[in-house]
1. Go through region B:151-171 and give me each residue that's at the interface with chain A (Cβ under 7 Å from one of its Cβ atoms) and either among the charged types (D, E, K, R) or outside any helix (DSSP H, G or I) (or both).
2. On the given criteria, is A:ALA153 touching a Gly at 6+ places or on another chain (Cβ under 6 Å) and either touching a residue at least 12 places away in the same chain (Cβ under 8 Å) or not in a helix (DSSP H, G or I) (or both)?
3. Of these, A:LEU321, A:LEU348, A:LEU330, which one is closer than 30 Å to B:SER163 by Cβ, within 14 Å of chain B (Cβ to nearest Cβ) and in contact (Cβ under 8 Å) with a residue 24 or more places away in the chain?
4. Is it true that some residue in region A:450-460 is within 14 Å of another protein chain (Cβ to nearest Cβ) and without any contact (Cβ under 8 Å) to a residue 60 or more places away in the chain?
5. In region B:2-117, which helices (runs of 4 or more DSSP H) lie fully inside it and hold 3 or more residues that are of a type outside the set (A, V, I, L, M, F, W, C) and in contact (Cβ under 8 Å) with a residue 12 or more places away in the chain?
6. Of all residues in region A:101-136, which are under 29 Å from the mean Cα position of the chain (by Cα), in a helix (DSSP H, G or I) and over 14 Å from A:GLY49 (Cα atoms)?
7. Residue under question is A:VAL504, and the condition is that it be assigned by TED's automatic domain parsing to the domain that holds A:SER345, at pLDDT below 85 and over 21 Å from B:SER163 (Cα atoms); does it hold?
8. Among the residues that make up region A:393-404, is at least one of them assigned to a helix (DSSP H, G or I) and more than 17 Å from A:LEU480 (Cβ to Cβ)?
Amino acid sequence: MRALYGRLRALAVAFGLLLAAAAANAQSFDEALTGFTADSFSDTENAIGAVARSGNARAADVIAALQDGRLLFDPDGKKVYIKEKDDRIAEAATGQAVAGAPANLRPVRLNNRLRRAVEAALGGLSLFAEDPGRRFDAAQAVFKSRDEAALPALESALAKEAEPWVKTALAEARAAVVLNMSGASEADKLAAIPAIRARGDQDSVALLAGLPANTPPAVTKAANDAIASIQSSLEVWSAVQNAWYGLSLGSVLLLAAIGLAITFGVMGVINMAHGEMVMLGAYTTFVVQEVIRAYNPGLFGYSVVIAVPLAFAVSGSIGVLIERGIIRFLYGRPLETLLATWGLSLILQQAVRTAFGPTNRDVGSPSWMSGAFDVGQLNITYNRLWIICFSLAVFVGLLGLLRFTRFGLEMRAVTQNRPMAASMGIRTGRIDALAFGLGSGIAGIAGVALSQIDNVSPNLGQGYIIDSFMVVVFGGVGNLWGTLLGAFTLGIANKFLEPYAGAVLGKIAILVLIILFIQKRPRGLFALRGRAVEA
Amino acid sequence: MTGSPLIRALDRVGVVFLVLLAIIAVAVPLGNLLVPPSSPWHVSLYFVSLFGKYVCYAILALAIDLIWGYCGILSLGHGAFFALGGYAMGMYMMRQIGTRGVYANPLLPDFMVFLNWKELPFYWHGFQYFAYAALMVALVPGLLAFVFGWFAFRSRVTGVYLSIITQALTFALMLGFFRNNFGFGGNNGLTDFKDILGFNVQSAETRSALFAASVITLGLGFYLCRAIVASKLGKVLIAIRDAENRVRFLGYRVESYKLFVFTLSACMAGIAGALYVPQVGIINPSEFAPGNSIEAVIWVAVGGRGTLIGAVLGAILVNYAKTTFTSGTLAPYWLFVLGGLFVAVTLLLPRGIVGTAEHWWRGRGPKTRGNGVAPAGVADPHPAE
């Protein structure tokens, strides 16, 4: 009943407004404009209100000009002009440029109170804008300002609105105004609370917690109930948010670690230069984008797609070179391998620093990877979403490669029993080189993805190497599923610890937890069993 | 080889080395303080503080060689123990500044006043006494190594796993010390030291004394390591390095041996750090950077792991090269050299300089096995990691 009454009232007001506007339109607009020529603040204020109410198409331009100090008046001729952006003088009422403008034009002065009135009027005017996005923004602005003066405009806008999402925003804005208006009845205020509650974000909590002092107790109680329910739902959302961030971090870790899972996990080779393979992939993306910018800017949207195979080729072939040139002489001496590859990582970093300079290079995102959308209270950016999908795709692809191809079969055979594989005619040296190239190539692909979210600098890889080793050690060596689980577990655990402990302490806590975890399961979540352990 | 038990642990080269150290410990400070600058025999203050620094690095290298060369534990986190010792000494010297700081607070170091702290954190108490600080220099790294090693060795974390975990340890400590609310000066670390034991840290006399103290400590450390590796304990350590499981099956408690030598090595690293800080005048969290620890390992590898003297030689040679490179026009190429050194040493010179020389000497001379200490373990084609 109450809601119905409210709606009827709104309708009636809106109707009245429209009628009034239609009747008085042209004449009242001109009259209102002359209010600006009086050079008194109170007249100007009345004029702002009158112009805003007139419903004239020029109203928004006039008020915007006033806000920018471009609204000029002629004290003698009692006419108002607008100085356009290009310094032409136009008549305010018609927008027609005038050739011989009077010389004694003066800007209409504003004070702080008037500036607020101007803002409210502009907000009210854009409530009727053509573009639904602008109407939505205007509704949000009113929600924040809670300006009583905007109520009539809000209600008429609400009555006209066709877009459901803008309508919701308008209803929320209206509720915010009503709750803060001293003149509104208790019933109206109570009716307004559900709209705010449905909005359910931090702003709603702030609004409900900051109701004016003379609010009736029943409303305050309802507001407190709403706050409690919003906060409990916000907690759920923040958990979802953390889980999302965790998934996102986990996917990055997965990308960085999955190549390592091949070289370290499957082949037992410690590659400290793995991070540099990632870095090379990121720089490949940079080079691809530079070439595209220089020769064919239209292809920029595909730059990342083009960079993926190239990065795989660059990092992969360098990986094969490293394996053939260095690592194969060090099989069975993992500690020496570790030192040699660390040295390589220094050389690669310095080489890139020499070639590209020590500073961050700018890698752009194609349009389909930038931007974000909201799910409830959750803000999801496209690049993170793409990276999650991409890392899972790489994982599945790698799993398929190992499981279903001849190369995968041979690689697994060499891993499980090298002499036996060799006597079956598998060229183990070639498999070693290819497997190392594969792991490095995947690191290169990871670099393409990381270039979208991280700084592309020679130190890019260093930031990931310890984390990726942790993932592989935690997940268990020699098992890709362990790497997947390890990456996401560590990613999510990291993000859930961060709010309590801060980013750095959270990271330290994770490292300590891993050290303790390794006590319990020295060979990770999924340990190899049997003879392979001591091999 | 015969005679008093005190020198029984040393072979001929060891005795020569110690005598050489003793001469350096006396001659260099005298050359700086007594010989006039005009004389060609004058040792500049720059040289004293530079080589004082190298000697501290050499002690660190010795500590690493003890566990890596003789027990097969490759720690990539020894820089953490070094830095912890350095911080303990730095805390002592911070407390000595007293009212001479920028804020002239008698109790709180400048950075705490700057952060608006009202009282000294509990872990800073006692550091105004040198004896306490000197104890902490060895105790804190030792305790950390003991706890860490107790967990790691008990659950048989070995080989590369241990290396990576130690690297994570120093990484975690670096992140922690970078934080302001950790209470160790955050990013800037501890610096602006005024004096140590009442002597001005800037003066030539103090620097010479610190140099001599470092060289003497190096000698003592060398003697201690030598005594350990030549004893029965040392033979067990070498056996653990070469075939850990076999030693365990023979009834030795491998983890206890490893824990002992790891803790001792961490204490040595801490002492090295404590001598280092007054000579360079600053300690900050970048000392914890994982790269530093790995660099220290390469000193040992260059000199020759499992030779002790090689570790000392490697530390001084590599750091001298680093200074030469990074202070000239060749600075951008230093990382190429360092990286190349890692690769070249592991591929071409796995025994290191001293190890190779020893091997060559032994191949020429009569087939004696010295005092029974095996050469570096690189000869073993199948090391049990």
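The values are calculated or read from the model by the stated rules, or taken from the named source; none is laboratory data. The structure presented is a predicted model; accordingly, all values stated were derived computationally and were not measured. Here Cβ is always computed from backbone atoms with ideal geometry, including for glycine, and neighbour counts include all displayed protein chains.
1. Residues satisfying the conditions are B:SER155, B:ARG156, B:VAL157.
2. Values: touching a Gly at 6+ places or on another chain (Cβ under 6 Å): yes; either touching a residue at least 12 places away in the same chain (Cβ under 8 Å) or not in a helix (DSSP H, G or I) (or both): yes.
Considered against the rule, which asks whether it is touching a Gly at 6+ places or on another chain (Cβ under 6 Å) and either touching a residue at least 12 places away in the same chain (Cβ under 8 Å) or not in a helix (DSSP H, G or I) (or both), A:ALA153 comes out as yes.
3. Values: A:LEU321 fails: in contact (Cβ under 8 Å) with a residue 24 or more places away in the chain; A:LEU330 fails: in contact (Cβ under 8 Å) with a residue 24 or more places away in the chain.
Residue meeting the stated conditions: A:LEU348.
4. Of region A:450-460, the ones within 14 Å of another protein chain (Cβ to nearest Cβ) are A:458-459.
Now drop any that are not without any contact (Cβ under 8 Å) to a residue 60 or more places away in the chain, which leaves none.
Among the residues of region A:450-460, not one is within 14 Å of another protein chain (Cβ to nearest Cβ) and without any contact (Cβ under 8 Å) to a residue 60 or more places away in the chain, which makes the answer no.
5. Values: elements: B:5-8, B:12-33, B:45-71, B:78-97, B:110-114.
Filter on region B:2-117 gives B:12-33, B:45-71, B:78-97.
6. Once the filter is applied, which keeps residues that are under 29 Å from the mean Cα position of the chain (by Cα), in a helix (DSSP H, G or I) and over 14 Å from A:GLY49 (Cα atoms), region A:101-136 yields A:SER126, A:PRO132, A:GLY133, A:ARG134, A:ARG135, A:PHE136.
7. Numbers: assigned by TED's automatic domain parsing to the domain that holds A:SER345: yes; at pLDDT below 85: yes; over 21 Å from B:SER163 (Cα atoms): yes.
In short, yes.
8. We begin by selecting, within region A:393-404, every residue assigned to a helix (DSSP H, G or I); these are A:393-404.
From what is left, the residues that are more than 17 Å from A:LEU480 (Cβ to Cβ) are none.
There is no residue in region A:393-404 that is assigned to a helix (DSSP H, G or I) and more than 17 Å from A:LEU480 (Cβ to Cβ).
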